[in-house]
Every structure is written in structure tokens, then in C-alpha cells.
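So the structure is just underneath, and the comments pick up after that.
The values are calculated or read from the model by the stated rules, or taken from the named source; none is laboratory data. From a predicted model like this one, the values you see are computed outputs, not experimental measurements. Cβ: placed from backbone, ideal geometry, glycine included. Neighbour counts: every protein chain shown. Side chains are part of the model used for accessible areas, which takes the heavy atoms of the whole protein and leaves out ligands, DNA and RNA. Shrake-Rupley method; radii C 1.70, N 1.55, O 1.52, S 1.80 Å.
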Amino acid sequence: MQPPRPADPPTAEDSPGGSAHVFVSRDIAETQAWLNALLRRDLRLEPLGVDGFEARLSAQSLAGAHIIRAEYPAGMRLKHGGATDDLTIRIVAAGGSLFSAGRQTLAAVPGRGLVLNTSLCESAEYGRGSVHTTFTLPGEEVARILQAAFERPAPGQLDIAGTFDVAAPEGATIVAMMSAIEAGLSGDAPLASAPQAARLLRDALVMLVLARFPHRYASWFERTAAPAPWQIRRAVAFIDAHRDGPLTVQEVADAVGIGLRSLQEGFRKHKHVSPHDYIKQVRLAAVRAELLEPGSTRSIEAIARHWGFVNRGHFALDYRNAFGEQPSQTRRRR
């Protein structure tokens, strides 16, 4: 009996919820192609042993995220052909998987969940009988969630990698939220008709994980300062509206109606960065977003000039410091 024909994978344009896209195959190349199309990554799959290969996958979409339930009866090995920033949360029901991330080897096994930025993962091995559920969200969406929560651009790589006890209160909450997402996407898919609720649920899961694991922006979660005053909020809105043209800190202060020193002190107190550096962060984030656009045809130099970076050397250094890679590397990953 032939296995069912694999369904086309859901894409980022799919609705917030819906019926699962099911994939069953004993062809490792076919499985690799399906996963790469789904996750928009360059994954390379290899059989674990001589007993063949089998994959049983189902995938659902949730506001740009994917929930994937995977079974690999014979196991497999996985390598990343290109670094892609994706926040991944994994809960294991059976078997287990090992991830190599720099000097770390992280084990996701029953009772022990995993949180990882996939760009840090060099390779992985899924044991025989591996059964797991994975939540994955592109890094640019994680950056948008952080920016919305803290009113600051989050342009740098999310350097997060760790495991958690699923029986501990925090781990149990993560498991419960992932289960709620799966339930909301099953059957009549109630989340499909409530996109705002779907996005809020997605964002709540991401914020819970980011609040509990060390990473580049962990210190943001430690601060409990009062909201920024209306002058700083107005300054942020003015910068966002004029980020693609000539703009000085003095012009921002004049537009808001406060003195330059007050603006600088307000940004350092409430944004923990100078107004000048805030403008630079916003523009660097805009450069990165354009470099990642599949349809972008402008040269890197033209994109940099458009967003206010006229010195190529300074731009390359600022970009590398912010994202850990050169602009040309970012463009190759789109």
C-alpha cells in the first residue's frame, strides 16, 4: 500500500489557524524538500542508520508561526546549510534529539523541553522512535514582538539556547500554552476566525520564553520602570516616521518641543540608549528587513544610502556589530 501523497506545506501567508497539513514519506529527499519549503530554511537530512527512513509530519500555521508534530521511527540526522534566525520551542513525547550549538550539546528528551535559535544550531540527531512537537517563529517576527513590548528596535541576533523541566511551573506553563495552540488549531479551528486572539496567544508564548531564558535582550525583562513620558513616545513616533531621510537629534528635540539635553536624558532613562544610537538601530533594522525581502533588487550600497548610511566602512562595522554578520551574508539567506 502506497503512503498518502504529501500535502503542500503551509506557507507564511496561510491563515492564523486551520486544518493540519499532513506529510508521510519514506523518501528522505522528499522530506527534506517539504521541510525546507515549510520553514524556508536550508536543511539537509541524512538517515540515521541502514534501516531506511520514514517521516510522519503534520504542520499548522499560527500568525506566521508553525506548529509541527513529527515522528521519525528510524531517526535521522540534520544539518543546517545556512544560518536562519528562528525561535524554536520543542516538547518531546518519545525518543529524543541532540543539538550541537557551538560548544553546547543540548538534549531534548521526554520531560526536558528545548528552546533554541536555530541559527546557533550546527547539527542535530533525532533518535529512533523520536516523537515531538515544535513551535517555530521567524526571528524577524520575534524582533517585532520585542519592539512592540519595549518600544525599542531589537536588531541583534537572539542568542538563546537551553532546556527546561516540563514538570516545573514555568515548563508546565509552556507545555500548556503549546497544547492550547494545538487545540485551537484542531477540528473546527476556532483560532482561524479569531486572528487577533491567535496573535496574542503566539506573542504570549514567545514573551514567556524570552522572560525565562538568558539571551541578548534578557535585561529588558528585568526593568520595571514606568512607561516613557509622552515626549519620548512622540520622539519615537517622529523617528519612525522619518527614518528614511536626513534626521538629527536636534530635529527630533525640536519636533517634540523639548531641549536637546532633556531628550538625551529621557532616552537614556526610558530607552536605555542615546537618541543617536536609537536612530541608528531603527535604520539598521530597516536595512536588514530590505535585505531579507525576496523581491529587493537594489544593491547593498544603495540600500545603505537610502537608510542614511553614507560611509561604507562605518556601515559595515555597525551592521556586523548589530547582527553578527555582513550585509552580503544576510542577503544570501533570503
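Computed values, structure above
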| item | result |
| --- | --- |
| Residue in region 123-137 that is assigned to a loop (DSSP other than H, G, I, E, B) and either of a type in the set (S, T, N, Q) or open to solvent by less than 10 Å² (accessible area, probe 1.4 Å) (or both) present | no |
| Residue selected from region 254-273 under the condition touching a residue at least 12 places away in the same chain (Cβ under 8 Å) and small (G, A, S), by the criterion surrounded by the most Cβ atoms within 10 Å (Cβ to Cβ) | G266 |
| Hey, D244 surrounded by fewer than 18 Cβ atoms within 10 Å (Cβ to Cβ), of a type in the set (D, E) and without any contact (Cβ under 8 Å) to a residue 60 or more places away in the chain or not | no |
| Candidates R56, R69, R77, filtered to the one that is part of a strand (DSSP E or B), open to solvent by 30 Å² or more (accessible area, probe 1.4 Å) and in contact (Cβ under 8 Å) with a residue 60 or more places away in the chain | R69 |
| Restricting region 37-52 to residues that are assigned to a helix (DSSP H, G or I) and either touching a residue at least 60 places away in the same chain (Cβ under 8 Å) or open to solvent by 30 Å² or more (accessible area, probe 1.4 Å) (or both), the residue that is nearest to H66 (Cα to Cα) | L39 |
| Matching option when the condition is in contact with a Gly (Cβ under 6 Å, 6 or more places away or on another chain) and not in a loop (DSSP other than H, G, I, E, B), among I239, I232 | I232 |
| Selection status of P214, within 27 Å of the chain's Cα centre (by Cα) and closer than 30 Å to H276 by Cα | yes |
| Every residue from region 256-288 that is in a helix (DSSP H, G or I) and closer than 16 Å to G156 by Cβ | D277, Y278, K280, Q281, V282, R283, L284, A285, A286, V287, R288 |
| Residue among G64, G49 that alone is at pLDDT below 90, of a type outside the set (S, T, N, Q) and in contact with a strand residue (DSSP E or B) (Cβ under 9 Å, 6 or more places away or on another chain) | G64 |
| Region 190-215 residues that are in a helix (DSSP H, G or I), paired with ones that are open to solvent by 40 Å² or more (accessible area, probe 1.4 Å) and among the aromatic types (F, W, Y) (beta carbon under 8 Å, 6 or more apart) | L210/F221; A211/F221 |
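Condition check ((1) out of contact with any Ser or Thr (no Cβ under 7 Å at 6 or more places or on another chain); (2) open to solvent by 50 Å² or more (accessible area, probe 1.4 Å); (3) modelled with pLDDT of 85 or more) across all residues:
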{"site": "A176", "(1), (2), (3)": "yes, yes, yes"}
{"site": "A183", "(1), (2), (3)": "yes, yes, no"}
{"site": "D188", "(1), (2), (3)": "yes, yes, no"}
{"site": "S193", "(1), (2), (3)": "yes, yes, no"}
{"site": "L201", "(1), (2), (3)": "yes, no, yes"}
{"site": "L210", "(1), (2), (3)": "yes, no, yes"}
{"site": "F213", "(1), (2), (3)": "yes, no, yes"}
{"site": "Y217", "(1), (2), (3)": "yes, no, yes"}
